[in-house]
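Structure, as structure tokens:
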């Protein structure tokens, strides 16, 4: 199987446990039988550490930005994401 040149953001992240030689999702997945996927294994403790570091950096940097500016940018970003999702649903 050839690797894709660019991965889309349409992937799904879910918790899983490795046991008896197989990854077992901890929640039901809506997938077709025999579907193929590219899997990246990312230990939860590593993810949590990197997320905490990023959150601390963002908190430090955001102190210099007025709250109204942050709220406006978050609102704009949410609108952009919603519009992108609507467009993806229409084209599917």
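Numbers at a glance
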quantity: Enumeration of residues in segment 59-69 that are surrounded by 10 or more Cβ atoms within 10 Å (Cβ to Cβ) and either touching a residue at least 12 places away in the same chain (Cβ under 8 Å) or under 25 Å from residue 13 (Cβ atoms) (or both); calculated: 62
quantity: Residue in segment 5-16 that is surrounded by 10 or more Cβ atoms within 10 Å (Cβ to Cβ) and at pLDDT 90 or above present; calculated: yes
quantity: Residue 78 being surrounded by 10 or more Cβ atoms within 10 Å (Cβ to Cβ), at pLDDT 90 or above and out of contact with any strand residue (DSSP E or B) (no Cβ under 9 Å at 6 or more places or on another chain); calculated: yes
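The values are calculated or read from the model by the stated rules, or taken from the named source; none is laboratory data. Note that the structure is a prediction, hence the values are computed from the model and not measured. All Cβ positions, even for glycine, are placed from backbone atoms using ideal geometry, and neighbour counts span all protein chains on display.
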